[in-house]
1. Restrict the check to the range 66-89 and report whether at least one residue is more than 30 Å from Gln161 (Cα to Cα), hydrophobic (A, V, I, L, M, F, W, C) and part of a helix (DSSP H, G or I).
2. Does Tyr47 fit the bill of being of a type in the set (Ser, Thr, Tyr), free of Cβ contacts under 8 Å to residues at least 60 places away in the same chain and farther than 29 Å from Glu169 by Cα?
3. Would you say Gly80 is on the phi > 0 side of the Ramachandran plot and more than 20 Å from the chain's Cα centre (by Cα)?
4. In the range 156-170, what residues are surrounded by 13 or more Cβ atoms within 10 Å (Cβ to Cβ) and over 16 Å from His65 (Cβ atoms)?
5. Within the range 30-44, work out how many residues are assigned to a loop (DSSP other than H, G, I, E, B) and either touching a residue at least 24 places away in the same chain (Cβ under 8 Å) or surrounded by 13 or more Cβ atoms within 10 Å (Cβ to Cβ) (or both).
6. Consider Ser4 against the criteria (1) in a helix (DSSP H, G or I); (2) surrounded by fewer than 13 Cβ atoms within 10 Å (Cβ to Cβ): it satisfies all of them except one. Which criterion is unmet?
7. Failed condition for Leu61, given (1) in a helix (DSSP H, G or I); (2) open to solvent by 30 Å² or more (accessible area, probe 1.4 Å); (3) in contact with a strand residue (DSSP E or B) (Cβ under 6 Å, 6 or more places away or on another chain); (4) not acidic (Asp, Glu), with all others met?
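The values are calculated or read from the model by the stated rules, or taken from the named source; none is laboratory data. This one's a predicted model, so the numbers in the text were calculated from it and none came from an experiment. FYI the Cβ positions are ideal-geometry reconstructions off the backbone, even for glycines, and counts take in every protein chain you see. Please note that ligands, DNA and RNA were not included when accessible areas were found on the heavy atoms of the full protein model with its side chains. Shrake-Rupley method; radii C 1.70, N 1.55, O 1.52, S 1.80 Å.
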Amino acid sequence: MDKSPDAFRTISEVAEDLDLPQHVLRFWETRFPQIKPMKRGGGRRYYRPEDVDLLKGIRHLLYDHGYTIKGVQKLLKTNGNKFVAAIASGDVATMEALMAASNDKHVDPKIGGAEDDQIVGRPKVKPSGRFFGFGSSGDGETPEISVGKSSIGKEDQALLQEALFDLLECKRLLDQVR
């Protein structure tokens, strides 16, 4: 019998859902203070739906986008749990709303930076796709980066992120040759 979407999950259920060993989830609890499953007698962990969404976001960033643990920690600190959870679900509207709310507070959200400790290796995104689906026009044309604007638009963010991925791939290839 399937559980309700609002039901708490055991560590074995979450591990199976995320296709990860249980020890990885326990390790992530030590690295990400945002992961706080409820613990019952004997130390049994029960994950809330929000915890599972956050874990999916962390897994997506680590395994699919090539982030390091330190990079995901910075992303969580900068943008919050809801943003990382929205990344995994592909909820662009929520990500944009959270970014807009952050802009209202005069804090620039950061999707990622060019720092070596944030992204390693080759991200598993389509070469023609845009980062997290931002700016995908589908018409095959590449929009030009706007000059003189006080803030970077979504199209520009997508172009910069794609350029970053290209540069990281070049760095990875150069490191292999050395």
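1. The answer is no; no qualifying residue exists.
2. yes
3. no
4. Asp156, Leu159
5. Total satisfying the criteria: 6.
6. So Ser4 meets the others, but not (1).
7. In the conditions (1) in a helix (DSSP H, G or I); (2) open to solvent by 30 Å² or more (accessible area, probe 1.4 Å); (3) in contact with a strand residue (DSSP E or B) (Cβ under 6 Å, 6 or more places away or on another chain); (4) not acidic (Asp, Glu), Leu61 misses (2) alone.
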